[in-house]
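Visitor: Before anything else, here's the structure in question.
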Amino acid sequence: MTMLHRLRPWLPTLFGLLLFCVALWVLGRELRHHPPEAIVATMQSIPRLRLLLSLMFGILCYLLLTAYDEIALRMLGRKVRYRSIAFASFVSYAFGNNLGMSAVTAGSVRFRFYSHTGLSMKDVVAVTACCSLTFWLGFLALTGLVFLVMPPSMSPFIAALPFHAAQALGAVFLGVLLLYFLWNGFSRTPVKVGRFRIPSPPLRLSLAQTIVAALEMMLVAGMIYVLLPPGTGLGYLQFLGLFLLAHLLGLASQVPGGIGVFETALIELLPVSVPVPASIGALLVYRIMYNLIPLALAATLVALREVHDHRAARRHARDCGMRNIE
């Protein structure tokens, strides 16, 4: 066996590690020129109205993420109350966005709470796979359209990486999406995920998946955009292309949440009219709102739920014991 064959399974991981190391180097270079005091000052200067608007966009993002689960359950023909869907979805994404290996992390959290609704492990695996499919449909549609119509301008840092042909990449993404819809329209063959089979969704549900995921990504981009200083000449659609390109690099790095790689790529992609301390400050506030606050809230909700379930179990055991005595 040659060295190349031995390394082949590790190539995606090595590529991700390379991106992460490059991102750390570039980010360290930027931070050397911009002291923490300047970054903190830009964070403090963000108007409260813009902070509230960004927070509102974040809340809408997590509401749309509950639609991922709702659509997945409809695809599987399972009926679950929306209250249970909202709880399981929010907690699973809050943990998955921070801890990495989101398919495993989110799937484990979903099983913990969906099992109370009667869903089996097989159902939860299928729901998690459907949610991943929803993300990729939306990402391919939105990125393909933006890259094709308004290809983002790229800095030398990004041009040195294999993502320099944005328009061609956009055409490929839309081509893949079109092939999926054609297959979806003419074939009812279930999708195999390991030992599990996921039914081919009706075309209307596939369209719903695509629209919901695309809207969710546009809201995430909006969270950051409103935190940037005004008067930079950077329009939202132009920023959206840069955001999606940075997001693509974050996905390629395989780092949990793309942390470090996404931020560095976006900082390098933003025009010089956006001061670096302002962009770093906006990204830090975004991470607090989109990652840390939901994680803290989810951890609190899980703890309260566990305490409630434990008390309910003890109360049930006590009642059963009293009935046996009678």
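Taken together, the values in this text are just the output of simple stated rules run on the coordinates, not laboratory data. Just so it is clear, the structure is predicted and the values come from calculations on it, not from any experiment. Using ideal geometry, Cβ is built from the backbone for each residue, glycine included, and neighbour counts are taken over all protein chains shown.
Visitor: All other residues with a Cβ under 12 Å from the Cβ of residue 209 taken together, and with Lys, Arg as +1 and Asp, Glu as -1, what is their net charge?
Guide: Around residue 209, the charge tally is -1.
Visitor: Does anything in the stretch 217-253 have its amide N under 20 Å from the 7 Å Cα→Cβ label point of residue 297, and if so which residues?
Guide: 217-227
Visitor: If you don't mind, another one. What does the charge count around residue 242 come to, taking other residues whose C-beta lies under 14 Å from its C-beta (Lys +1, Arg +1, Asp -1, Glu -1)?
Guide: Residues near residue 242 contribute -2 overall.
Visitor: Add +1 for every Lys or Arg and -1 for every Asp or Glu among the other residues with Cβ under 10 Å from the Cβ of residue 123, and state the total.
Guide: Local charge sum for residue 123: +3.
Visitor: Sticking with this one: Once you put a point 7 Å from the Cα of residue 167 and another 7 Å from the Cα of residue 186, both along the Cβ direction, what distance in nm separates them?
Guide: Going from the residue 167 label point to the residue 186 one covers 3.0 nm.
Visitor: If you count, for each residue, the other Cβ atoms within 10 Å and average over each peptide, how do 130-141, 283-294 line up from highest to lowest?
Guide: 130-141, 283-294
Visitor: Order these peptides, 66-76, 113-123, by their mean beta-carbon neighbour count within 10 angstrom, highest first.
Guide: 66-76, 113-123
Visitor: Each residue of the stretch 227-240 in order: what ³J(HN,Hα) in whole Hz does its phi give by Karplus 6.51 cos²θ - 1.76 cosθ + 1.60, θ = phi - 60°, with x for Gly and Pro?
Guide: Coupling constants for the stretch 227-240: 8, 6, x, x, x, 8, x, 9, x, 5, 5, 5, 5, 4 Hz.
Visitor: Taking square-rooted eigenvalues a ≥ b ≥ c of the alpha carbon gyration tensor, is the stretch 203-281 rounded, prolate or oblate, where a/c under 1.5 means rounded and, failing that, a/b exceeding b/c means prolate?
Guide: Here the stretch 203-281 falls in the oblate category.
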